[in-house]
Amino acid sequence: MAKGGRKVRIFSALEVANICGVVNQTTINWIRNGHLKAFTTPGGQYRIYAKDLAAFLDKRGMEASGEVLQVIMENANWGTFLIALPQPINDTVKAELSRIFPGTTIIQAFDWFEIGRKFTEEKPGLVILDAELPGVDIGKFVTVIKEDPIFGKPHVFLVSDGSPGPAGSEPNDIRFQKADVILKKPLDLAKLEAALRVLEKQAAAVNA
């Protein structure tokens, strides 16, 4: 999986109007009424970050243009994986990922301070997370990183004591509702590789 670029895209109020199919004044009204986050230039013109536009579109159920979607995807670093599991399984999974995807950057985290810092700094395209890791609301964490456009909608693999299955198969447990893959403890590396291969094929199809 190739490493994604990082760039900051900023839109004018008129560009946002064109994307949304409205007149410029409507965009300005959205900004002034607090619906669309923006900043002003020294000349008094409104400017909107792509992540804020994407969040606005998501909230309103509006389709983003191809350009906006591309910027969202570029916020995720698809050449970087984050492993948030206890040792020694963390080291084992790191070695396995390095074998499956040579050249991919593998970062490790062992507590929520490290997870938050590295996730913000690196914006990994995939996180493998212990669903029972104490100290934070994991369901809320997964929801945020999946829904906030700034993170580029990364893939989330949860490793859990619960029953494995597709995302949403445990409707009463919010931890599982936003995850892409759920794997049961003790982690079966063959099943992990199979899930990763599916992800690889999906990425290849999108980039074809």
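The values are calculated or read from the model by the stated rules, or taken from the named source; none is laboratory data. Just so it is clear, the structure is predicted and the values come from calculations on it, not from any experiment. Cβ sites come from the backbone with ideal geometry, for glycine too, and all protein chains shown count toward neighbours. Surface areas here come from the heavy atoms of the whole protein model, side chains and all, with no ligands, DNA or RNA. Shrake-Rupley method; radii C 1.70, N 1.55, O 1.52, S 1.80 Å.
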Being out of contact with any helix residue (DSSP H, G or I) (no Cβ under 9 Å at 6 or more places or on another chain), within 22 Å of residue 61 (Cβ to Cβ) and outside any helix (DSSP H, G or I) is the filter here, so list the residues in the stretch 20-47 that pass it.
21, 33, 34
Where residues in the stretch 35-58 are within 20 Å of the chain's Cα centre (by Cα) and open to solvent by 40 Å² or more (accessible area, probe 1.4 Å), which of them is modelled with the highest pLDDT?
49
Say whether the condition of being modelled with pLDDT under 90 and within 24 Å of the chain's Cα centre (by Cα) is met by at least one residue in the stretch 20-27.
yes
Please determine, by comparing only the residues of the stretch 177-196 that are without any contact (Cβ under 8 Å) to a residue 60 or more places away in the chain, under 22 Å from the mean Cα position of the chain (by Cα) and not in a strand (DSSP E or B), which one is surrounded by the most Cβ atoms within 10 Å (Cβ to Cβ).
179
